[in-house]
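Read-outs throughout are calculated quantities, based only on the coordinates presented, and are distinct from any laboratory measurement. Everything numeric in this text was worked out from a predicted model, so none of it was measured. In this analysis, Cβ positions are derived from the backbone assuming ideal geometry, glycine residues included, and neighbour counts consider all displayed protein chains.
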Amino acid sequence: MKKQFQYLICFGILNFILFTGVFKLLQNEKVYINTLGLISQNYERIGDWNNFEIKKTSKPFVQITTENFETWDAAIYKCISESMYSRESHCYENIRAAFFPLFPLLWKITHSSCLGISILNYLIFIISIAILVLVLLNTTLLNKIIAFTILISLPSSINYYIPYSESLFLFTMTIATLGIFKKKYWMFFIGCFLLAMVRPATIFVLFAILFAELIIFMRNKEWRSFIKEVTFKSLPFILGYCFTIFIQYLYSGSWTALFDARKYWKPTVSFTHFSDWSVEGFGLSIFVIFFLCIPAIVFILSLLFSNRKPVIKNYLENLSNYKSEYLLIVSILYLIGMFIFSLSTQGLDFHSFPRYILASPLFYIAILILLNNLGNKSCRLFNIIYFILTVSIILFLSNVEYGGSKIQFSFFGLYLFILTGAYLIIKKVISHPLQIFFAIILILLNTIWNAYLLNAFFSNAWIFT
């Protein structure tokens, strides 16, 4: 396994070199105009923060500088890494406490620049995915390499290239996953303790775990086991949140700094029309809703109300083994929890919603477990379901005015996700040379899309953050 891990990391580094090379090429005006510029435009922000306009432009990609990484949430994390939550520092003083301390502490300890911490984030990302692939995917080395390279180049993986906390979210959940899979509580405890210090959304991981335990209890009716599991699985989260509040108190002198900061996120719920910060983000949100959230809800309802069917009954019996079935349920419950939370606080305004789902470790865990099961079963059922979901998206987009023409590059991320999913479903029925050929094409297209998103991030455009 050690050698396989090394192979995967090498492919991860090659992917980074490919990404950097593509981005550099698209900085050249002639290359850009004669390639990506033929089908898309970039974004440009004009004016100051209080009076600005974001418009499309035909300019090539901007330069990669450490200053360009310091925007949006990255600027807040950098501020915290420099002065933590001290009241003497006035940068983002009202909202800093809403950002948890583990990532800023890593930034502070490593003394990295914005560019340096971004590279470190990418390394943490590929290490985490490599571990998950080796642990969760039971297949040949070739299939592991293909799955790994596809996963690290998905049309949402750009979130792991920037100074955000997504990589630490993934890494700490990977440790917790190893604890669950290997039945080593100390690993689960460390992973979840650190996980709770990454970001507030990790509370939904705890909720998913507790709901999974409730499903097991509904099956076996063992009170003692239920209370024990709930207690021991909640403990590291509770201690992690308490330690986060304590760290904030040490620097700010306030025990309620976190709750005071959350007041500035006032929900504005509307169900009258769709909206987003960008068409790119809207396209990714539609993929999440149709291909992830709706199937997840249907699956959970099937478990709860069709538990006498042989397939469902067998699945529920395997839940208490705390292996793949358990991890899949936790992942699915997390996706549902984030979906319901987003609807209840944002309505049909989907800004940042795809990042909460697609850049979460639970998404990758669910995909790997489904790939593992897909390798042992016929593709027919998955093909039918996938075809129905694809047709549903086409019909939905044809009846939605938001986003304008659906045949434009801004929706390319959505279409790439659909193509990638289709490839993973039918992969086992095509020859190895074709598997590798189609994988290379998808990785290249995904890389171009992610480079496009990073350029939008550098341009300080509302796009996917």
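Some points to look at:
- Here the range 1-78 and the range 156-184 have alpha carbon centers that stand 23 Å from each other.
- Where labels lie 7 Å past Cα in the beta-carbon direction, separation of GLU29 and GLU401 in nm: 3.9 nm
- Residue among TYR164, PHE341, LEU210 farthest towards the positive dipole end of the chain, charges placed on Cβ: LEU210
- Label point distance in nm, THR20-ILE426, each placed 7 Å from Cα along Cα→Cβ: 3.6 nm
- Annotation: aspartates and glutamates with alpha-carbon distance below 13 angstrom to LYS406 (same-chain offsets under eight excluded): GLU280.
- Gyration tensor verdict on the range 184-252 (Cα atoms; rounded if a/c is under 1.5, prolate if a/b is larger than b/c, oblate otherwise): prolate
- Across the range 21-90, the fraction of Cα-Cα pairs farther apart than 15 Å, rounded to a whole number, is 68%.
- Think of the chain as having a plus end and a minus end, set by charges on the Cβ of Lys, Arg, Asp and Glu; of LEU137, ASN94, LEU445, LEU137 sits farthest toward the positive end of this dipole.
- Tensor-based shape of the range 1-156 (alpha-carbon gyration tensor, a/c under 1.5 rounded, otherwise prolate or oblate): oblate
- Placing dummy labels 7 Å off each Cα toward the beta-carbon, the span from TRP186 to ILE64 is 4.0 nm.
- Whole-angstrom gap from the range 130-151 to the range 381-452, using each part's C-alpha centre: 20 Å
- Set of aspartates and glutamates with alpha-carbon distance to LYS78 below 18 Å, sequence-local pairs under 8 removed: GLU67, GLU70, GLU88, GLU93, GLU166
- Estimated FRET transfer efficiency (LEU250, PHE305; beta-carbon r; R0 45 Å; 0.05): 0.40
- Segment THR390-ASN51, extension gain: residue separation times 0.36 nm, minus the distance between their alpha carbons: 118.0 nm
- Structure-derived log10 I(q)/I(0) by the Debye sum over Cα atoms at q = 0.08, 0.11, 0.13, 0.14 Å⁻¹ - corresponding label in (1) -0.66, -1.16, -1.33, -1.36; (2) -0.65, -0.98, -1.20, -1.33; (3) -0.47, -0.94, -1.37, -1.61: (3)
- Kirkwood hydrodynamic radius of the range 379-465, from inverse mean 1/r over distinct Cα pairs, in Å: 14.9 Å
- Its Cα gyration tensor gives the range 387-430 an equivalent ellipsoid, and the semi-axes of that ellipsoid, as √(5λ) in whole Å with the largest first, are 24, 13, 5.
- Each of the chymotrypsin sites (Phe, Trp or Tyr not before Pro) that DSSP puts in a loop and that has at most 12 other Cβ atoms within 10 Å breaks the chain; the longest unbroken stretch is 50-254.
- Listed by chain and number, the lysines placed with their C-alpha closer than 16 angstrom to that of LYS182 are LYS233, LYS323; residues fewer than eight positions away on the same chain are left out.
- Percentage, to the nearest whole number, of Cα pairs in the range 193-303 over 17 Å apart: 72 percent
- Prolate/oblate/rounded call for the range 90-243, Cα gyration tensor, a/c under 1.5 rounded: oblate
- Measuring r between the beta carbons of LEU115 and GLU222 and using R0 = 45 Å, the FRET efficiency lands at 0.30.
- Difference of contour (0.36 nm per residue) and Cα-Cα distance, THR345 to LEU105: 83.5 nm
- Residue-span extension gain [ASP260 to SER89] - 0.36 nm each, minus C-alpha spacing: 59.9 nm
- Calculated [θ] (222 nm, deg cm²/dmol) that DSSP helices of n ≥ 4 give over the chain, each run adding -39,500 (n - 2.57): -21000 deg cm²/dmol
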